[in-house]
Amino acid sequence: MKEIISTNKAPSAIGPYNQGTSFEKLVFLSGQIPLDPETMELVGGDDIQAQTKQVMENLKAVLQEANSSFENVLKTTCYLSDMDNFVAFNEVYAQYFQAQTAPARATVAVKTLPKNVLVEVDVIAFKN
């Protein structure tokens with residue numbers, strides 16, 4: 001049976017979706033953007049690294065609520081509004097994953113992201 005994952009330690013959904021769902025041991029997290037979970041305000045201005053850090057912290061909170069962690073992430077999809085931010089994005093992303101055990105990943109440049117942010121990341125993981 002599908003389980004809904006929700007925590008107040010990450011931003012609430014801004015549309016008709018949940019922060020995450022799980023089925024058996026698999027966990028599917030919706031894309032996170034750099035919103036402060038308490039104020040629902042954007043974090044980081046035009047700083048890709050500050051935005052990426054907030055995105056990763058939001059994902060971490062939802063993973064923890066799902067009884068998972070970054071060590072259990074199987075796949076990420078990373079959306080950048082500008083591929084020129086790729087190197088700076090990677091510098092922060094690498095702080096959350098060890099190179100030898102990092103998940104599979106796709107990184108794509110998109111025309112626009114919700115609220116005109118610079119980055120969004122979604123995750124597939126498994127429970128502890």
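Every number in this text was worked out from the coordinates using simple rules, so none of it is lab data. Keep in mind that this is a model prediction, so the values were computed, not measured. As a convention, Cβ positions derive from the backbone with ideal geometry for all residues, glycine included, and neighbour counts pool all protein chains shown.
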query: Build a GNM of the chain with springs between Cα atoms under 10 Å: which of Phe86, Phe23, Phe70 gets the top mean-square fluctuation?
result: Phe23
query: Expressed as a whole percent, how much of the Cα-Cα distance distribution for region 2-126 exceeds 26 Å?
result: 14
GNM result for the chain, Cα springs below 10 Å: residue of Ala99, Ala13, Ala109 fluctuating most strongly: Ala99
message: At 7 Å along Cα-to-Cβ for each site, give me the label-to-label distance between Ala99 and Thr112 in nm.
response: 3.9
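What size of dipole, in debye to the nearest 20, comes out for region 2-126 about its Cα centre when the only charges are +1 on Lys and Arg C-beta atoms and -1 on Asp and Glu C-beta atoms? Could the numbers behind the result be given before it?
On the way: 9 positive and 15 negative charges, 78 e Å.
Computed charge dipole of region 2-126: roughly 380 debye.
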statement: In region 1-45, the GluC sites (Glu not before Pro) that sit in a DSSP loop and have at most 14 other Cβ atoms within 10 Å of their own Cβ are Glu24, Glu38, Glu41
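Report relative contact order for the chain in percent, whole number only (criteria: Cα-Cα under 8 Å, sequence separation at least 6).
Contact order relative to length: 31 percent.
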query: Which of Tyr93, Tyr17, Tyr79 moves most in a GNM of the chain, Cα contacts under 10 Å?
result: Tyr17
